[in-house]
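Notes follow once the structure below has been shown.
The values are calculated or read from the model by the stated rules, or taken from the named source; none is laboratory data. What you see is a predicted model; the values in this text were computed from it and never measured. Cβ coordinates were reconstructed from backbone atoms using ideal geometry, including for glycine residues, and neighbour counts include every protein chain displayed. When the accessible area is computed, the model is the full protein with side chains, heavy atoms only, and any ligands, DNA or RNA have been set aside. Shrake-Rupley method; radii C 1.70, N 1.55, O 1.52, S 1.80 Å.
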Protein chains: 4
Amino acid sequence: MKPVMDKGSLEKFLAQDFPQVSGDFSIEDVVDMGCVVRLKVAEKHLRPGGTVSGPSMFALADVSIYLAILAMIGPKALTVTTNCAIDFMRKPVAGADLIAHAKLHKLGRVLAVGDVLIYSDGQDAPVARASLTYSIPPKG
Amino acid sequence: MKPVMDKGSLEKFLAQDFPQVSGDFSIEDVVDMGCVVRLKVAEKHLRPGGTVSGPSMFALADVSIYLAILAMIGPKALTVTTNCAIDFMRKPVAGADLIAHAKLHKLGRVLAVGDVLIYSDGQDAPVARASLTYSIPPKG
Amino acid sequence: MKPVMDKGSLEKFLAQDFPQVSGDFSIEDVVDMGCVVRLKVAEKHLRPGGTVSGPSMFALADVSIYLAILAMIGPKALTVTTNCAIDFMRKPVAGADLIAHAKLHKLGRVLAVGDVLIYSDGQDAPVARASLTYSIPPKG
Amino acid sequence: MKPVMDKGSLEKFLAQDFPQVSGDFSIEDVVDMGCVVRLKVAEKHLRPGGTVSGPSMFALADVSIYLAILAMIGPKALTVTTNCAIDFMRKPVAGADLIAHAKLHKLGRVLAVGDVLIYSDGQDAPVARASLTYSIPPKG
């Protein structure tokens, strides 16, 4: 199974359907059942002390799995998150972007499940891990 | 065990230490091992279609447990989220604030665990549920 | 919405469809969107030191939500767990049964979501909390 | 950082400290920050229809991360699971053993976090994924 959307068409979709957040993210890579997404860290993503906030990391994990699914099934805006389990493991590096590596383990008719590892750009040890379930709307 | 911070002192703490987000939330109630927090839903919290975004609901769950903990142990800014499991169960009502009911099940020396139910203001069925673990920094 | 199965019919279903484990559990109470289930703790449920093992607590949480769902929708053996998040918060009391209080937050057409609090019999502070998602097979 | 316990010493530890379950598992491989563990599926692990039960998969995920931690820090029986999020994605193949691939993402002073993918022996698509947090007792 190959992706049916590439970096360009995913970024166009994001800009059109999610204009409020599309500027925060850039898609670095799209592969079979996975993708790599960058959070372009800005003032609004930070907590006191300069580290990226939990909700910003959640948002990055969420959008990464969403994009990995859309890359495989095409642009279905109604695909929604039903569940997320996220572990915050290390303090992100101040001033560094975050890089999410998303991987789908299941892409079923109605549910998709994937894992995300989030890194501070340039670091080896992940700052967070997350797993998410998405509900896929029926065809038609 | 009784709360050591009330509504007023929690709101003052939030305004001082989290100025970027404190305007988004108001504390409705503080009880033993729990609190009720309102997300004053604004344009920036919305997804296309007018419902509140997942990251905004995550942020509400996160801040609610944080405040429930601080109410019991006093203002420790270093208390950090280590884990969250969140289920998105219904579409929030467009245009309505979200109300989070947070309850601590454990408040240990190093870890605290709590549950949150999130409702669209005025509705009976919750839109999301979350459980969170916080790591509490050692004294001294 | 009222339960369509009572204690007696749930226990009969369990004995028939899950003979391997039905002897471990007894149903204490069935209410709207919830139930109370006892794990009759025996040697096989214990870890060294005499406390109940994690897998035994997982099994109790799992069966409790399953029974709460069946009580509402009737006996559908194909209903399956898709997700569980569980927090182990305190050591269970040695020699005491475990009591699970299960509550459904959502009972949709295809997904059900509920929370469970597990107590050592006679104690006030829960030993574990869990949330589970079940997938409900289509009718017909 | 290298493992301080190998396959042999882990299996000896398991047999000594967890005699009730050690016969169910065999350790296939130990690597830096990870291991591979087999659940030798027997009658007692099965649900009606012949698939492995959820609690058995939970037990496999749990023991795999436990062994991955012990391999790195040495035999500390007091290390305990504090949290697990598990997704059941596919029906295990009837009659096949389960193989768990465990990987630690964090091995801190007080908390360890890892991911597990569980496969039916010989299959490419995982039947379950889990992430677990363990609390590590202080030295001394």
query = About its Cα centre, how strong a charge dipole does the range A:1-127 have in debye, to the nearest 20, once Lys and Arg get +1 and Asp and Glu get -1 at the Cβ?
reply = 260
key: Calculated FRET value between residue B:29 and residue A:79, using beta carbons and R₀ = 35 Å, to 0.05   = 0.45
query = At residue B:73, with labels set 7 Å past Cα in the Cβ direction, how many nm apart are the copies from this one, shortest first?
reply = 1.9, 4.0, 4.0
message = At a threshold of 8 angstrom on Cα-Cα distance, excluding pairs fewer than six apart, so keeping six or more, what relative contact order does chain D reach in percent?
response = 24
query = Residues with amide H under 5 Å of residue B:80's amide H, sequence separation 5 or more or different chain, H placed in the peptide plane at 1.01 Å from N; which?
reply = B:135
request  = Would you kindly work out, in nm and rounded to one decimal, the distances from the label point of residue C:138 to those of the same position in each other copy, ordered shortest first, with label points 7 Å along Cα-to-Cβ?
outcome  = 0.6, 5.8, 5.8
remark   = Working note, chain C: Cα radius of gyration (Å, one decimal) and Dmax (Å, whole number) are 14.4, 49
message = Tell me whether the protein assembly as shown comes out rounded, prolate or oblate; compute the Cα gyration tensor, take square roots of the eigenvalues as a ≥ b ≥ c, and use a/c under 1.5 as the rounded threshold.
response = rounded
task = Give me D for the range D:77-140 in µm² s⁻¹, whole number, from Stokes-Einstein with Rh from the Kirkwood sum over alpha-carbon pairs, 25 °C and 0.890 mPa s.
result = 189
remark   = One finds the C-alpha centres of the range A:6-36 and the range B:70-110 to be spaced, in Å, by 30
request  = Any chance you could give the angle, 0 to 90 degrees and rounded to 10, that helix C:7-17 forms with the longest Cα principal axis of chain C?
outcome  = 90
query = Between chains C and D, what is the buried accessible area summed over both chains (1.4 Å probe, protein heavy atoms, nearest 100 Å²)?
reply = 1700
ask   = Mind checking which aspartates and glutamates have their C-alpha under 19 Å from residue A:106, skipping anything on the same chain fewer than 8 residues away?
value = A:32, A:62, A:115, B:87, D:87, D:115, D:121, D:124
ask   = Which distances, shortest first and in nm, link residue A:20 to the matching position in the other copies, using label points set 7 Å out along Cα to C-beta?
value = 1.7, 4.8, 5.0
inquiry  = Give me the dipole magnitude in Debye, nearest 20, for the protein assembly as shown about the Cα centre, with unit charges on the beta carbon: positive for Lys and Arg, negative for Asp and Glu.
reply    = 0
message = What lysines does residue B:7 reach when the alpha-carbon gap must be under 20 Å and sequence neighbours fewer than 8 apart in one chain are set aside?
response = B:40, B:76, B:103
remark   = Percent relative contact order for the range A:14-72, counting Cα pairs under 8 Å at least six residues apart, stands at 31
key: Computed FRET value (nearest 0.05) for residue B:43 with residue C:6, which takes r as the C-beta separation and R₀ as 51 Å   = 0.55
inquiry  = Using only the alpha-carbon atoms, how far is helix C:54-73 inclined from the longest principal axis of chain C? Give it as 0 to 90 degrees, nearest 10.
reply    = 30
